[in-house]
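In what follows, a single structure is set out as structure tokens and then discussed.
Derivation of every value follows stated rules applied to the coordinates shown; laboratory data play no part. In this text, all values refer to a predicted model and were calculated from it rather than measured experimentally. Cβ coordinates were reconstructed from backbone atoms using ideal geometry, including for glycine residues, and neighbour counts include every protein chain displayed.
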Amino acid sequence: MIELKNGVFGLHGEGFSCLLRINKYGLLELLHFGEALSTEDGEAFLCRPGIGWGSSVLMDENDAGSCADAMPLAWSGSGRGDFRESPLEFGGISTDFRCSHSKIINGPVLMKSGIPQAKGDCDTLEMVFTEANAELRLYFTVFRDAIVRRAVLGNTGKENIVLKKFMSSMLDIHGDFEMSTFDGGWIAEMRKHTAPVSENRIVSESTTGASSNRHNPGFIISEPDAAEDSGRVYGFNLIYSGNHYASAQKSLQGFVRIMQGISPSEFSKELAPGEIFETPEAVMTFSDKGFSGTSEKMHRFVTENIIPEHWRNRPRPILYNDWEGCMFDFNEAKLLNLAKEAKKLGCELFVLDDGWFGKRDSDKAGLGDYSINKRKLPNGISGLAKKINAMGMEFGLWFEPESVNEDSDLYRAHPDWILRDEFPPLKGRNQFLLDLTKPEVRDYIVENVSAVLDSAKITYVKWDMNRHSTALGAKAHDYILGLYDILRRIFEPRPEILLESCSSGGNRFDLGMLCFGPQIWCSDDTDPIERLTIQGNLSYLYPQSAFGAHVSAAPHAQTLRNTPLCTRGNVSFFGCLGYELDLRHLPGIEKKQIAEQIAFYKNYREVFQFGKFRRLKNGWQVSDGKTTLAAVFRKLVHAAPGYETLRIKDLDKTAIYNMKTYEQKLRIGQFGSLVKHVAPVDLDPNGFVLRIADRHITLPDGKQEIRASGAAFSAGIMLLPLFRGTGYDQNQRTLTDFGSELYIIEEEGK
Ligand code: GLA
């Protein structure tokens, strides 16, 4: 809801308000962004400059309050007395926009450039600012869970304007804060770093052409005493998939200036008279219920206002993907064999990953071509898809349409289609990017991908992109506009196709991509212990329904760590479950366990995918109000471990709940030479008998049942003890390093 009262604009969402006013100098002041307040409260936040600050540049020499540098603003110019970071730079020319008028609009204001936008129930405040040769429009769109804002610059003069920097959002909030960013690289996404915001500017920026695995565009600003479930926490994100920029810096007056937008690094855009430039939408939200409060808002915002409507709360299939199991080495018979196994275990969708087209037998050739590799697939994609469909499974396919190998028919025919920013051009993973700013390149991709999609019953697409772009500035932005055009043309007419985007894993995990497809492959790192960091930190800003999460073979290809199958399952359950391993050589015992995992997940799929997600001290939980599923994860254990409790959140304190462990098994081989303590006969720990036994015999682990009130579960119930070096007993938790347990907590009634 947006209202204007006594000169104060009140922008009100659920649990938060933003109060703005235009001051007498025509500048946009931020009176408050935080707790829900009434618009009339705006008055209480006015800054009283008294007799002013020393050494300040004034807009009116008779008014100590006219120092722009000391004002809490929601937009500023440069070269007019505000020496803090400016959101807009023309390159050597000062900017001095003053508000001329504003209006409140019911609903969103649509963009012209094709950048995806948040959608759904909303109101928009449009504010128009002018100066001699340009007009600036600021849009604040208020949704239930977040405010989304952007800026548009129009050249109203007679000369060209050169834009050097143009942010989507600028905000001055008062107080002491910390900034948490999510950084990393390939197979190492989303490592959380938290630093106090001081007078030194903190910058989180990507310059690799994509939103990047180096620095996710989402970040958090929190008060130092904020905790998981208490305290003031702001969440920010950008609906954009290209180079981005975010910064935070404190001023002498105690205001923290927060900036969000397209990266200004090497950015330069020339606007002819009459032309406009639109920034992507920046998202901001607030909760006084700690990090979990802000995450909850961000999750609901993504589910209701970002992902395509068709997929909102629509259950996602359990998929089998052949990549980690086969890589490029497959043929139709092998795939059908795998599909048969996957179907037996309960998978619903078979995904053929890289390697089905052109001369694609390694990552050195074939990208750019769409001819089917007939040596591997003599009956084509349609022949394979039909056979998979006949088994009762859906069929999905991998594409990497933005890239081209030098060894491809496409490159030989159109060497001029690559993005040529380096001379000579450089390759990444043996490939170039195609220049998506060229209409003929976009048409080629749209026509070829569409033709494949229409040639068979394909209900899922994995859209990959595996090369950083060295295109600079405005060209990098135009590339992303080209990508959005392609995605819109392919997928808008085919809304029922489940699009999972991917970029070497999580190199483009952003809200822009989520506007086109509801899930993203989080990371090429499928080691569940690593995934605790990746998925756990993604959960600060994105709902678990956006996570592609697969069980792979252990020892893991990325870390060589050996993890128990139950932990691989327990981590992947908190997302869109898939399996990505060679099923042909799995021992029967593991196949049985996988079949059980899939059956269990199907039972609780909606809770896992769309339930309310909470981070716990020692794990994660999801809940639909009646059923709560909570997992406890371990990394390394120490000898003689103490007792451990499990605290469940959000339960009705007066209701009675029954908790039981999701049954899990110990492999006998885990005991090595200690097997003599658990087996009735004396066995050679390295011998044939034990190897066979390990493939067939399991022991129950950590079986626990508790009936108690919601109040007791909230206080923290006592879990079974961990293995203490004193022997095996099913009433303890014997799975130690990298072990985990999953608990089902059901409401019984009052
Ligand atoms: C990228 C993706 C992987 C897989 C390979 C195929 O690395 O992230 O999941 O699709 O490409 O080449």
ask   = Label 7 Å along Cα→Cβ of residue 328; region 425-461 residues with amide nitrogen under 11 Å?
value = 430
note = Simple spin-label estimate for residue 191/residue 1, 7 Å along Cα→Cβ, in nm, reads 4.6 nm
inquiry  = Give the separation of the Cα centroids, region 149-198 to region 435-451, in Å.
reply    = 31 Å
request  = Taking the chain as the reference, fit the longest principal axis to its C-alpha atoms, fit the long axis of helix 528-538 to the helix C-alpha atoms, and give the angle between the two in degrees, 0 to 90, nearest 10.
outcome  = 20 degrees
key: Over region 628-747: Kirkwood hydrodynamic radius from C-alpha pairwise inverse distances, Å   = 15.8 Å
query = With contacts defined as alpha carbon pairs under 8 Å and 6 or more residues apart, what's the relative contact order of region 309-613 in percent?
reply = 19 percent
ask   = Binned at 10 Å from 0, what are the whole-percent values of the Cα-Cα distance distribution for region 501-648, short to long?
value = 11, 40, 37, 12, 1, 0
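Counting only C-alpha contacts under 8 Å and six or more residues apart, can you give the relative contact order of the chain as a whole percent?
Details: 1833 pairs, mean separation 74.4, N = 750.
It comes to 10 percent, rounded to a whole number.
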key: Size of the chain as Cα extents on the principal axes (Å, biggest first)   = 97, 68, 40
inquiry  = I want to make sure I understand the PRE zone here: with the label point 7 angstrom from the Cα of residue 603 toward its beta carbon, which residues in region 710-750 have backbone N atoms less than 17 Å away?
reply    = 741-748
key: Computed [θ] at 222 nm, deg cm²/dmol, the chain (DSSP H ≥ 4; -39,500 (n - 2.57); rounded to nearest 500)   = -6000 deg cm²/dmol
request  = Treat each spin label as a single point 7 Å out from the Cα along the C-beta direction, and report the residue 63 to residue 313 distance in nm.
outcome  = 5.0 nm
request  = Determine by what factor the alpha-carbon radius of gyration of region 678-750 differs from 2.2 N^0.38 Å, reporting the quotient.
outcome  = 1.52
key: Backbone HN-Hα couplings from phi across region 251-266 [Karplus 6.51/-1.76/1.60, Hz, Gly and Pro as x]   = 9, 4, 7, x, 8, 9, 8, 10, 10, 9, x, 6, 4, x, 4, 6
ask   = When the convex hull of the C-alpha atoms of region 447-506 is computed, what volume per residue in Å³ does it have?
value = 96 Å³
query = How large is ³J(HN,Hα) for each residue in region 179-196, as worked out from phi by the Karplus curve 6.51 cos²θ - 1.76 cosθ + 1.60 (θ = phi - 60°), to whole Hz, x for Gly and Pro?
reply = 10, 10, 10, 10, 10, x, x, 4, 6, 8, 6, 6, 7, 8, 10, 10, 9, x
remark   = Taking 11-23, 648-660 and ranking on average Cβ neighbours within 10 Å, highest first, one gets 11-23, 648-660
3J(HN,Hα) from dihedral phi, region 391-408, Karplus parametrisation 6.51/-1.76/1.60, rounded to Hz, x for glycine, proline = 6, x, 10, 7, 10, x, 9, 8, 9, 10, x, 7, 10, 8, 8, 4, 8, 8
